[in-house]
Amino acid sequence: MIHRVKATINLSALNNNLKVARSHAKNRKVVAVIKGNAYGHGLIPVAEALQDADTFGVTDVDEADLLAASGNTKPILILQGIIERADINRIAKVGYQVVIHHFEQLAWLEKELAKINLTKPLSIWLKMNSGMGRLGITPTDYVKTYQNLQNKAWCKEVILMTHLANANLIDSDLNQHQLSTFSKITQELPDSATSIPASSGLLAGIGDNTDWVRPGIMLYGSSPFPFSDEHLRREAFGLHAVMTLQSNLISIQNCKAGDNVGYCSQFICPQDMRIGIVSIGYADGYPSNAPNGTPVLINGKRTVTVGRVSMDMIGIDLSDLAEAKIGDTVTLWDDELSLDEVAEHTGILSYNLTCSIAQRVEKAYSN
């Protein structure tokens with residue numbers, strides 16, 4: 001019996017999904033994105049399982065240091081770049097690769113590296129804002145910034161990168177606009193490697209003439225595309241679910257028509273019903289806005305939630321599951337019940353669901 005809530009991480013599924021990414025990448029190199037504690041799956045165990053990646057992508061220098069301290073020997077790319085000037089000494093000490101996306105970061109590097117006896121020059125990923133509108137050097141300033149970096153003794157190489165805003169919307173005009181903008185500028189810099197696609201671009205073949213790809217969510221078994229597009233669900237790409245989230249049935253109530261289930265009368269029984277209470281809630285990371293009718297599995301059979309999600313509990317409909325009993329295992333998502341389907345019901349991205357798993361949830365790792 002599971003003690004309250006357990007998230008089981010399938011390491012073999014991670015390996016499978018990296019192979020899928022490799023098959024779409026063809027001869028391109030792969031940055032396995034393991035930021036955000038590997039999307040909630042555990043930074044160190046996931047890195048150990050993804051040793052066939054060329055580089056690991058993390059959020060900041062804190063994540064980079066955690067990974068390096070674990071004995072990792074793969075190159076580490078800091079995707080959000082330099083958050084504060086004090087990061088630079090830590091970056092230089094280990095030789096992390098780093099994304100540069102605004103001029104102040106360059107000024108910080110110039111001043112701080114002048115004080116450091118750098119043992120080896122740094123690899124810089126120069127980010128262009130080609131239309132995402134979030135981070136990046138403008139196209140107008142991009143070539144000049146690149147040339148400035150090329151003249152620095154502390155710069156080993158510059159990799160040119162951008163990030164697509166709408167790659168999961170395959171027919172979006174913005175995709176072509178961003179590709180055209182990036183291509184026009186980088187044609188002036190033909191000697192540098194380039195990187196565009198993350199998971200959605202990689203699977204859709206958008207930006208496929210680059211040297212590096214940066215898969216994230218697909219490594220964890222989720223499709224980056226809307227669940228409503230049946231031909232673009234994870235099964236279509238051969239992706240396997242990595243996380244199984246489970247809890248237990250702790251109570252069964254025989255309710256009458258008109259009875260209230262949970263807070264704020266979000267669910268009122270339309271007829272006599274058998275209602276199960278499961279020991280999981282938003283304090284464990286289950287989405288607080290999950291509506292009535294969100295799918296779950298009990299002993300492998302499908303049913304749905306009823307009533308508002310509480311801190312530690314949810315209600316489920318057992319009316320057609322007479323065999324269900326207290327102590328039975330309830331699965332919130334796994335390989336059979338797609339995380340993406342749950343995300344579709346809740347209106348929350350699958351990324352958000354796994355990243356929200358609380359510390360108090362037990363994690364176990366399997367092959």
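Below are the figures for this structure:
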{"read-out": "Estimated FRET transfer efficiency when R0 is 51 angstrom, pair K19-Q359 (beta carbons, to 0.05)", "value": "0.95"}
{"read-out": "Separation in nanometres of the label points that stand 7 Å from Cα toward Cβ, at E344 and D229", "value": "1.3"}
{"read-out": "Selected from H345, H163, H231 as most flexible by GNM, with the chain as the system and alpha-carbon contacts under 10 Å", "value": "H231"}
{"read-out": "Tail fraction, Cα-Cα pairs, the chain, threshold 39 Å, whole percent", "value": "26"}
{"read-out": "Region 288-367: GluC sites (Glu not before Pro) in DSSP coil with no more than 16 other Cβ atoms inside 10 Å", "value": "E323, E336"}
{"read-out": "Neighbourhood net charge (12 Å Cβ-Cβ; Lys/Arg +1, Asp/Glu -1) for D211", "value": "0"}
{"read-out": "C-alpha center-to-center spacing [region 342-367, region 150-165] in angstrom", "value": "34"}
{"read-out": "Neighbourhood charge, 12 Å Cβ-Cβ cut-off, centred on A47 and excluding it, Lys, Arg +1 and Asp, Glu -1", "value": "-1"}
{"read-out": "Alpha-carbon Debye profile of region 243-366, log10 I(q)/I(0) at 0.15, 0.16, 0.17, 0.21 Å⁻¹", "value": "-0.63, -0.72, -0.81, -1.25"}
{"read-out": "Cleavage-rule hits (GluC sites (Glu not before Pro)) in region 46-109: DSSP loop, at most 14 neighbouring Cβ within 10 angstrom", "value": "E84"}
{"read-out": "Relative contact order computed over the chain (Cα-Cα under 8 Å; 6+ residues apart), in percent", "value": "19"}
{"read-out": "Qualifying trypsin sites (Lys or Arg not before Pro) for region 240-328 [loop in DSSP, other Cβ within 10 Å: at most 11]", "value": "K256"}
{"read-out": "Isotropic mean projected area of the C-alpha convex hull, region 11-224 (nm²)", "value": "11.1"}
{"read-out": "Most fluctuating residue given options G276, G293, G315, as computed from a GNM of the chain linking Cα atoms under 10 Å", "value": "G293"}
{"read-out": "Alpha carbon centroid spacing (whole Å) that separates region 1-41 from region 109-125", "value": "32"}
{"read-out": "Listed residues I217, I170, I326, most fluctuating in the chain (Gaussian network, C-alpha, under 10 Å)", "value": "I326"}
{"read-out": "Order of M243, M313 - criterion: other Cβ atoms within 10 Å of each residue's Cβ, fewest first", "value": "M313, M243"}
{"read-out": "Set of lysines near K301 by C-alpha distance (under 16 Å), chain-local residues within fewer than 8 positions excluded", "value": "K325"}
{"read-out": "Structure-based [θ]222 nm, the chain - -39500 (n - 2.57) summed over DSSP H runs of at least 4, per residue, nearest 500", "value": "-8000 deg cm²/dmol"}
{"read-out": "Rounded FRET efficiency, nearest 0.05, which uses the C-beta distance separating D259 from N89 and R0 of 45 Å", "value": "0.10"}
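Every read-out reported here was derived from the displayed coordinates using simple, explicitly stated rules and does not represent laboratory data. Please read all numbers here as calculations on a predicted model, not as lab measurements. Please note: Cβ atoms are built from the backbone with ideal geometry, for glycine as well, and neighbour counts cover all protein chains shown.
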